[in-house]
(Lines give C-alpha, C1' and ligand atoms only; values in the text may rest on other atoms or scores of the structure.)
Protein backbone atom coordinates (compact mmCIF):
# COMPACT_ATOMS: atom_id res chain seq x y z
CA UNK A 1 0.00 0.00 0.00
CA UNK A 2 1.35 3.43 -0.96
CA UNK A 3 2.53 5.60 1.93
CA UNK A 4 0.66 8.85 2.48
CA UNK A 5 1.06 11.62 5.02
CA UNK A 6 -2.19 10.47 6.56
CA UNK A 7 -2.13 12.86 9.52
CA UNK A 8 -1.72 15.97 7.39
CA UNK A 9 -4.29 14.83 4.82
CA UNK A 10 -6.78 13.89 7.53
CA UNK A 11 -6.20 17.19 9.34
CA UNK A 12 -6.84 19.19 6.17
CA UNK A 13 -10.04 17.33 5.33
CA UNK A 14 -11.34 17.43 8.90
CA UNK A 15 -10.67 21.16 9.35
CA UNK A 16 -12.54 22.02 6.16
CA UNK A 17 -15.36 19.58 6.80
CA UNK A 18 -15.73 20.76 10.39
CA UNK A 19 -16.04 24.41 9.39
CA UNK A 20 -18.53 23.61 6.64
CA UNK A 21 -20.80 21.64 8.99
CA UNK A 22 -20.33 24.18 11.77
CA UNK A 23 -21.55 27.12 9.68
CA UNK A 24 -24.74 25.22 8.79
CA UNK A 25 -26.02 24.96 12.37
CA UNK A 26 -24.38 28.17 13.61
CA UNK A 27 -26.62 30.04 11.21
CA UNK A 28 -29.71 28.24 12.53
CA UNK A 29 -29.40 29.98 15.88
CA UNK A 30 -29.29 33.32 14.04
CA UNK A 31 -32.60 32.76 12.22
CA UNK A 32 -34.63 34.87 14.64
CA UNK A 33 -32.04 37.64 14.39
CA UNK A 34 -31.96 37.48 10.58
CA UNK A 35 -35.75 37.69 10.36
CA UNK A 36 -35.59 41.02 12.15
CA UNK A 37 -32.56 42.37 10.28
CA UNK A 38 -33.85 41.52 6.79
CA UNK A 39 -37.55 41.95 7.62
CA UNK A 40 -38.44 38.49 6.32
CA UNK A 41 -40.80 35.75 7.48
CA UNK A 42 -39.73 32.52 9.16
CA UNK A 43 -40.58 30.59 5.98
CA UNK A 44 -38.32 32.86 3.91
CA UNK A 45 -35.48 32.69 6.44
CA UNK A 46 -35.72 28.91 6.43
CA UNK A 47 -34.63 28.95 2.78
CA UNK A 48 -31.11 29.70 3.99
CA UNK A 49 -31.12 26.11 5.24
CA UNK A 50 -33.43 24.66 2.59
CA UNK A 51 -31.39 26.11 -0.28
CA UNK A 52 -28.21 24.70 1.24
CA UNK A 53 -29.71 21.21 1.61
CA UNK A 54 -31.37 21.34 -1.81
CA UNK A 55 -28.03 22.07 -3.47
CA UNK A 56 -26.41 19.23 -1.51
CA UNK A 57 -29.22 16.88 -2.52
CA UNK A 58 -28.68 17.66 -6.19
CA UNK A 59 -24.87 17.64 -6.20
CA UNK A 60 -23.89 14.74 -3.92
CA UNK A 61 -25.48 11.95 -6.03
CA UNK A 62 -23.17 13.05 -8.85
CA UNK A 63 -20.07 12.75 -6.65
CA UNK A 64 -19.16 9.32 -8.04
CA UNK A 65 -19.11 10.73 -11.56
CA UNK A 66 -17.08 13.77 -10.49
CA UNK A 67 -14.50 11.54 -8.75
CA UNK A 68 -13.91 9.82 -12.09
CA UNK A 69 -13.72 13.06 -14.07
CA UNK A 70 -11.36 15.10 -11.88
CA UNK A 71 -8.33 14.38 -9.74
CA UNK A 72 -8.47 14.43 -5.96
CA UNK A 73 -6.53 17.68 -5.79
CA UNK A 74 -8.72 19.35 -8.42
CA UNK A 75 -11.93 18.46 -6.55
CA UNK A 76 -10.43 19.48 -3.21
CA UNK A 77 -9.25 22.83 -4.57
CA UNK A 78 -12.57 23.49 -6.31
CA UNK A 79 -14.57 22.65 -3.19
CA UNK A 80 -12.43 24.90 -0.98
CA UNK A 81 -12.54 27.82 -3.42
CA UNK A 82 -16.34 27.53 -3.49
CA UNK A 83 -16.48 27.38 0.31
CA UNK A 84 -14.10 30.31 0.80
CA UNK A 85 -15.82 32.52 -1.79
CA UNK A 86 -19.26 31.65 -0.39
CA UNK A 87 -18.15 32.28 3.19
CA UNK A 88 -16.56 35.61 2.22
CA UNK A 89 -19.74 36.78 0.47
CA UNK A 90 -21.83 35.71 3.48
CA UNK A 91 -19.52 37.58 5.85
CA UNK A 92 -20.02 40.73 3.77
CA UNK A 93 -23.73 40.11 3.21
CA UNK A 94 -26.06 43.09 3.58
CA UNK A 95 -29.33 41.61 2.26
CA UNK A 96 -31.14 38.27 2.12
CA UNK A 97 -30.46 37.65 -1.58
CA UNK A 98 -26.71 38.06 -1.10
CA UNK A 99 -26.70 35.68 1.86
CA UNK A 100 -28.82 33.16 -0.06
CA UNK A 101 -26.36 33.17 -2.97
CA UNK A 102 -23.49 32.69 -0.54
CA UNK A 103 -25.23 29.70 1.05
CA UNK A 104 -25.62 28.03 -2.35
CA UNK A 105 -21.88 28.48 -3.03
CA UNK A 106 -21.10 26.99 0.38
CA UNK A 107 -23.36 24.03 -0.40
CA UNK A 108 -21.53 23.42 -3.69
CA UNK A 109 -18.26 23.31 -1.76
CA UNK A 110 -19.63 20.92 0.85
CA UNK A 111 -21.28 18.77 -1.82
CA UNK A 112 -17.85 18.23 -3.38
CA UNK A 113 -15.91 17.96 -0.12
CA UNK A 114 -17.93 15.42 1.89
CA UNK A 115 -17.81 12.53 -0.64
CA UNK A 116 -14.16 13.35 -1.34
CA UNK A 117 -13.36 13.17 2.38
CA UNK A 118 -14.89 9.71 2.80
CA UNK A 119 -13.35 8.36 -0.40
CA UNK A 120 -9.87 9.69 0.40
CA UNK A 121 -9.86 8.27 3.94
CA UNK A 122 -10.91 4.83 2.68
CA UNK A 123 -8.00 4.87 0.22
CA UNK A 124 -5.16 6.19 2.42
CA UNK A 125 -5.92 4.09 5.52
CA UNK A 126 -5.60 0.28 5.73
CA UNK A 127 -8.77 -1.61 6.77
CA UNK A 128 -7.58 -2.14 10.36
CA UNK A 129 -7.21 1.61 10.91
CA UNK A 130 -10.27 2.90 9.08
CA UNK A 131 -12.50 2.70 12.15
CA UNK A 132 -10.26 5.06 14.09
CA UNK A 133 -10.07 7.45 11.13
CA UNK A 134 -13.84 7.34 10.70
CA UNK A 135 -14.14 8.16 14.40
CA UNK A 136 -12.56 11.51 13.62
CA UNK A 137 -14.93 11.89 10.68
CA UNK A 138 -17.71 11.28 13.19
CA UNK A 139 -16.22 14.14 15.19
CA UNK A 140 -16.83 16.39 12.19
CA UNK A 141 -20.29 15.11 11.28
CA UNK A 142 -21.64 15.03 14.84
CA UNK A 143 -19.56 17.50 16.86
CA UNK A 144 -19.35 20.35 14.35
CA UNK A 145 -23.13 20.79 13.97
CA UNK A 146 -23.46 20.57 17.75
CA UNK A 147 -20.93 23.33 18.45
CA UNK A 148 -22.48 25.65 15.86
CA UNK A 149 -25.28 26.97 18.10
CA UNK A 150 -22.93 27.52 21.05
CA UNK A 151 -20.23 29.45 19.20
CA UNK A 152 -22.81 31.12 16.97
CA UNK A 153 -24.77 32.23 20.02
CA UNK A 154 -21.65 33.75 21.56
CA UNK A 155 -20.77 35.62 18.36
CA UNK A 156 -24.31 36.95 17.87
CA UNK A 157 -24.65 37.97 21.53
CA UNK A 158 -21.52 40.14 21.53
CA UNK A 159 -20.92 40.88 17.82
CA UNK A 160 -23.18 40.29 14.78
CA UNK A 161 -24.24 37.30 12.70
CA UNK A 162 -21.59 38.23 10.10
CA UNK A 163 -18.90 36.98 12.47
CA UNK A 164 -20.16 33.42 12.15
CA UNK A 165 -18.59 33.52 8.69
CA UNK A 166 -15.58 35.69 9.61
CA UNK A 167 -14.84 33.09 12.31
CA UNK A 168 -14.94 30.26 9.74
CA UNK A 169 -12.88 31.90 7.00
CA UNK A 170 -9.33 31.56 8.47
CA UNK A 171 -9.83 27.85 9.17
CA UNK A 172 -10.91 27.21 5.58
CA UNK A 173 -7.81 28.99 4.28
CA UNK A 174 -5.57 26.98 6.64
CA UNK A 175 -7.25 23.74 5.54
CA UNK A 176 -6.74 24.67 1.88
CA UNK A 177 -3.04 25.43 2.38
CA UNK A 178 -2.43 22.14 4.23
CA UNK A 179 -4.28 20.23 1.53
CA UNK A 180 -2.38 21.89 -1.30
CA UNK A 181 0.88 20.87 0.35
CA UNK A 182 0.13 17.30 1.42
CA UNK A 183 -2.96 15.96 -0.38
CA UNK A 184 -2.15 13.57 -3.23
CA UNK A 185 -4.27 12.22 -6.04
CA UNK A 186 -5.70 8.95 -4.73
CA UNK A 187 -8.30 8.13 -7.40
CA UNK A 188 -8.03 7.17 -11.05
CA UNK A 189 -9.37 9.67 -13.58
CA UNK A 190 -11.20 7.63 -16.22
CA UNK A 191 -13.13 10.48 -17.90
CA UNK A 192 -16.39 8.52 -18.37
CA UNK A 193 -18.99 9.61 -20.88
CA UNK A 194 -21.54 11.90 -19.26
CA UNK A 195 -25.06 10.56 -19.59
CA UNK A 196 -27.11 13.75 -19.64
CA UNK A 197 -30.38 11.87 -19.10
CA UNK A 198 -29.04 10.34 -15.87
CA UNK A 199 -27.88 13.76 -14.69
CA UNK A 200 -31.29 15.26 -15.46
CA UNK A 201 -33.21 12.44 -13.75
CA UNK A 202 -30.94 12.64 -10.70
CA UNK A 203 -31.35 16.40 -10.44
CA UNK A 204 -35.13 16.30 -10.83
CA UNK A 205 -35.48 13.27 -8.56
CA UNK A 206 -33.38 14.25 -5.58
CA UNK A 207 -34.12 17.95 -6.01
CA UNK A 208 -37.87 17.37 -6.25
CA UNK A 209 -38.04 15.21 -3.12
CA UNK A 210 -35.89 17.58 -1.05
CA UNK A 211 -37.86 20.61 -2.28
CA UNK A 212 -41.19 18.92 -1.54
CA UNK A 213 -40.22 17.96 2.00
CA UNK A 214 -38.90 21.48 2.60
CA UNK A 215 -42.07 23.16 1.32
CA UNK A 216 -44.24 20.88 3.48
CA UNK A 217 -43.18 22.86 6.54
CA UNK A 218 -44.37 26.16 5.08
CA UNK A 219 -47.86 27.64 5.06
CA UNK A 220 -51.09 26.24 6.44
CA UNK A 221 -51.65 23.51 3.83
CA UNK A 222 -48.54 21.50 4.74
CA UNK A 223 -48.45 18.05 3.15
CA UNK A 224 -51.75 18.66 1.33
CA UNK A 225 -50.26 21.53 -0.68
CA UNK A 226 -50.38 20.96 -4.44
CA UNK A 227 -46.78 22.17 -4.76
CA UNK A 228 -45.59 19.70 -2.11
CA UNK A 229 -47.47 16.72 -3.55
CA UNK A 230 -46.44 17.52 -7.13
CA UNK A 231 -42.76 18.01 -6.21
CA UNK A 232 -42.54 14.75 -4.28
CA UNK A 233 -44.47 12.69 -6.87
CA UNK A 234 -42.42 14.06 -9.78
CA UNK A 235 -39.24 13.54 -7.77
CA UNK A 236 -40.11 9.92 -6.94
CA UNK A 237 -41.02 9.14 -10.56
CA UNK A 238 -37.71 10.63 -11.72
CA UNK A 239 -35.84 8.58 -9.10
CA UNK A 240 -37.52 5.35 -10.25
CA UNK A 241 -36.56 6.13 -13.86
CA UNK A 242 -33.04 7.02 -12.70
CA UNK A 243 -32.67 3.68 -10.88
CA UNK A 244 -33.97 1.72 -13.88
CA UNK A 245 -31.55 3.50 -16.18
CA UNK A 246 -28.56 2.93 -13.90
CA UNK A 247 -29.32 -0.80 -13.77
CA UNK A 248 -29.17 -1.18 -17.56
CA UNK A 249 -26.16 1.07 -18.22
CA UNK A 250 -22.72 -0.47 -18.72
CA UNK A 251 -21.02 2.45 -16.93
CA UNK A 252 -23.72 3.95 -14.69
CA UNK A 253 -23.42 7.38 -13.14
CA UNK A 254 -24.23 5.81 -9.76
CA UNK A 255 -23.28 2.19 -9.10
CA UNK A 256 -26.33 0.77 -7.34
CA UNK A 257 -24.87 -2.74 -7.01
CA UNK A 258 -23.59 -1.78 -3.55
CA UNK A 259 -27.16 -2.13 -2.29
CA UNK A 260 -26.77 -5.90 -2.72
CA UNK A 261 -24.69 -5.90 0.47
CA UNK A 262 -26.94 -5.89 3.57
CA UNK A 263 -24.30 -4.34 5.84
CA UNK A 264 -23.94 -1.40 3.48
CA UNK A 265 -27.71 -0.83 3.45
CA UNK A 266 -27.91 -1.04 7.25
CA UNK A 267 -24.99 1.36 7.64
CA UNK A 268 -26.53 3.79 5.16
CA UNK A 269 -29.86 3.75 7.01
CA UNK A 270 -28.10 4.36 10.32
CA UNK A 271 -26.13 7.31 8.94
CA UNK A 272 -29.30 8.73 7.40
CA UNK A 273 -31.17 8.36 10.70
CA UNK A 274 -28.35 9.99 12.67
CA UNK A 275 -28.12 12.94 10.29
CA UNK A 276 -31.91 13.32 10.31
CA UNK A 277 -31.92 13.49 14.12
CA UNK A 278 -28.88 15.77 14.36
CA UNK A 279 -29.85 18.30 11.70
CA UNK A 280 -33.51 18.49 12.70
CA UNK A 281 -32.58 18.86 16.37
CA UNK A 282 -30.15 21.65 15.59
CA UNK A 283 -32.90 23.55 13.76
CA UNK A 284 -35.77 22.95 16.18
CA UNK A 285 -34.00 23.12 19.56
CA UNK A 286 -32.53 26.65 19.23
CA UNK A 287 -35.90 28.01 18.07
CA UNK A 288 -37.73 26.23 20.92
CA UNK A 289 -35.29 27.41 23.57
CA UNK A 290 -35.34 31.02 22.32
CA UNK A 291 -38.98 31.56 21.40
CA UNK A 292 -40.57 28.91 23.60
CA UNK A 293 -38.69 29.36 26.85
CA UNK A 294 -37.41 32.91 26.36
CA UNK A 295 -33.71 32.12 26.63
CA UNK A 296 -31.16 34.46 25.06
CA UNK A 297 -29.12 33.40 22.04
CA UNK A 298 -25.99 32.92 24.15
CA UNK A 299 -27.79 30.96 26.90
CA UNK A 300 -29.33 28.74 24.24
CA UNK A 301 -25.85 28.01 22.92
CA UNK A 302 -24.63 27.15 26.42
CA UNK A 303 -27.56 24.76 26.88
CA UNK A 304 -26.39 22.84 23.81
CA UNK A 305 -22.68 22.89 24.69
CA UNK A 306 -22.31 19.97 27.19
CA UNK A 307 -23.93 17.47 24.86
CA UNK A 308 -21.83 18.54 21.89
CA UNK A 309 -18.65 18.46 23.99
CA UNK A 310 -19.46 14.94 25.21
CA UNK A 311 -20.07 13.82 21.65
CA UNK A 312 -16.79 15.34 20.49
CA UNK A 313 -14.86 13.58 23.24
CA UNK A 314 -16.44 10.18 22.58
CA UNK A 315 -16.41 10.12 18.75
CA UNK A 316 -12.69 9.33 18.22
CA UNK A 317 -12.82 6.77 21.04
CA UNK A 318 -15.82 5.06 19.47
CA UNK A 319 -13.86 4.68 16.23
CA UNK A 320 -11.14 2.74 18.06
CA UNK A 321 -13.75 0.58 19.80
CA UNK A 322 -15.30 -0.12 16.39
CA UNK A 323 -11.95 -1.50 15.17
CA UNK A 324 -11.75 -3.70 18.27
CA UNK A 325 -15.32 -4.94 18.81
CA UNK A 326 -17.22 -4.18 15.60
CA UNK A 327 -20.40 -2.11 15.23
CA UNK A 328 -22.99 -4.27 17.00
CA UNK A 329 -22.08 -3.44 20.60
CA UNK A 330 -21.90 0.27 19.82
CA UNK A 331 -24.90 0.76 17.56
CA UNK A 332 -27.56 -1.03 19.62
CA UNK A 333 -26.95 0.81 22.94
CA UNK A 334 -26.66 4.10 21.05
CA UNK A 335 -29.99 3.59 19.30
CA UNK A 336 -31.69 2.69 22.59
CA UNK A 337 -30.39 5.86 24.28
CA UNK A 338 -31.44 8.04 21.34
CA UNK A 339 -34.92 6.48 21.24
CA UNK A 340 -35.44 7.07 24.96
CA UNK A 341 -34.26 10.69 24.74
CA UNK A 342 -36.47 11.41 21.74
CA UNK A 343 -39.43 10.06 23.72
CA UNK A 344 -38.54 12.44 26.56
CA UNK A 345 -38.41 15.29 24.05
CA UNK A 346 -42.09 14.74 23.29
CA UNK A 347 -42.89 15.81 26.86
CA UNK A 348 -40.97 19.11 26.70
CA UNK A 349 -42.97 22.34 26.73
CA UNK A 350 -42.27 26.03 27.43
CA UNK A 351 -43.10 25.27 31.06
CA UNK A 352 -40.45 22.52 31.31
CA UNK A 353 -37.57 23.15 33.66
CA UNK A 354 -34.13 24.05 32.34
CA UNK A 355 -32.43 20.99 33.88
CA UNK A 356 -34.92 18.64 32.19
CA UNK A 357 -34.26 20.22 28.79
CA UNK A 358 -30.53 20.09 29.43
CA UNK A 359 -30.61 16.40 30.40
CA UNK A 360 -32.62 15.51 27.29
CA UNK A 361 -30.11 17.31 25.06
CA UNK A 362 -27.16 15.70 26.85
CA UNK A 363 -28.69 12.23 26.54
CA UNK A 364 -29.43 12.71 22.85
CA UNK A 365 -25.81 13.57 22.07
CA UNK A 366 -24.56 10.70 24.24
CA UNK A 367 -26.57 8.27 22.10
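Just wondering, is there one or more residues in the stretch 111-126 that are surrounded by fewer than 24 Cβ atoms within 10 Å (Cβ to Cβ), assigned to a helix (DSSP H, G or I), in contact with a helix residue (DSSP H, G or I) (Cβ under 7 Å, 6 or more places away or on another chain) and without any contact (Cβ under 8 Å) to a residue 12 or more places away in the chain? Looking through the stretch 111-126, at least one residue is surrounded by fewer than 24 Cβ atoms within 10 Å (Cβ to Cβ), assigned to a helix (DSSP H, G or I), in contact with a helix residue (DSSP H, G or I) (Cβ under 7 Å, 6 or more places away or on another chain) and without any contact (Cβ under 8 Å) to a residue 12 or more places away in the chain.
Looking at the stretch 316-326, can you tell me whether even one residue there is touching a helix residue (DSSP H, G or I) at 6+ places or on another chain (Cβ under 8 Å), at pLDDT below 70, assigned to a helix (DSSP H, G or I) and closer than 29 Å to residue 42 by Cα? No; the residues of the stretch 316-326 include none that is touching a helix residue (DSSP H, G or I) at 6+ places or on another chain (Cβ under 8 Å), at pLDDT below 70, assigned to a helix (DSSP H, G or I) and closer than 29 Å to residue 42 by Cα. Residue-level analysis places residue 145 among those that are under 18 Å from residue 272 (Cα atoms), crowded, with 20+ Cβ neighbours inside 10 Å and either assigned by TED's automatic domain parsing to the domain that holds residue 184 or modelled with pLDDT of 90 or more (or both).
Checked against (1) assigned by TED's automatic domain parsing to the domain that holds residue 75; (2) surrounded by fewer than 20 Cβ atoms within 10 Å (Cβ to Cβ); (3) closer than 20 Å to residue 79 by Cα, residue 158 passes all but a single condition, namely (3). Quick check on the stretch 84-101. Is at least one of its residues buried (at least 22 other Cβ atoms within 10 Å of the Cβ), within 30 Å of residue 236 (Cα to Cα) and touching a residue at least 24 places away in the same chain (Cβ under 8 Å)? Looking for residues that are buried (at least 22 other Cβ atoms within 10 Å of the Cβ), within 30 Å of residue 236 (Cα to Cα) and touching a residue at least 24 places away in the same chain (Cβ under 8 Å), one finds none in the stretch 84-101, hence no.
Kindly evaluate residue 183 against the criterion of being over 23 Å from residue 41 (Cα atoms), modelled with pLDDT of 90 or more, surrounded by 15 or more Cβ atoms within 10 Å (Cβ to Cβ) and assigned by TED's automatic domain parsing to the domain that holds residue 145. No: the conditions fail for residue 183. Against the definition (in the same structural domain as residue 137 (by TED's automatic domain parsing), modelled with pLDDT of 85 or more and in a helix (DSSP H, G or I)), how does residue 79 come out, yes or no? Spelling it out, residue 79 is indeed in the same structural domain as residue 137 (by TED's automatic domain parsing), modelled with pLDDT of 85 or more and in a helix (DSSP H, G or I).
Looking at the stretch 83-98, is at least one residue closer than 24 Å to residue 4 by Cβ, assigned by TED's automatic domain parsing to the domain that holds residue 11 and in a helix (DSSP H, G or I)? Yes - at least one qualifying residue is present in the stretch 83-98. Are any of the residues in the stretch 134-154 over 21 Å from the mean Cα position of the chain (by Cα) and part of a helix (DSSP H, G or I)? Yes, the stretch 134-154 contains a residue that is over 21 Å from the mean Cα position of the chain (by Cα) and part of a helix (DSSP H, G or I). For the stretch 78-98, the criterion of being more than 29 Å from residue 301 (Cβ to Cβ) and over 18 Å from the mean Cα position of the chain (by Cα) is satisfied by at least one residue.
Are any of the residues in the stretch 259-267 within 22 Å of residue 68 (Cα to Cα) and in the same structural domain as residue 123 (by TED's automatic domain parsing)? Among the residues of the stretch 259-267, at least one is within 22 Å of residue 68 (Cα to Cα) and in the same structural domain as residue 123 (by TED's automatic domain parsing), which makes the answer yes.
The values are calculated or read from the model by the stated rules, or taken from the named source; none is laboratory data. All values derive from a computational prediction rather than experimental measurement. Every residue, glycine among them, receives a Cβ derived from its backbone with ideal geometry; neighbour counts consider all protein chains shown.
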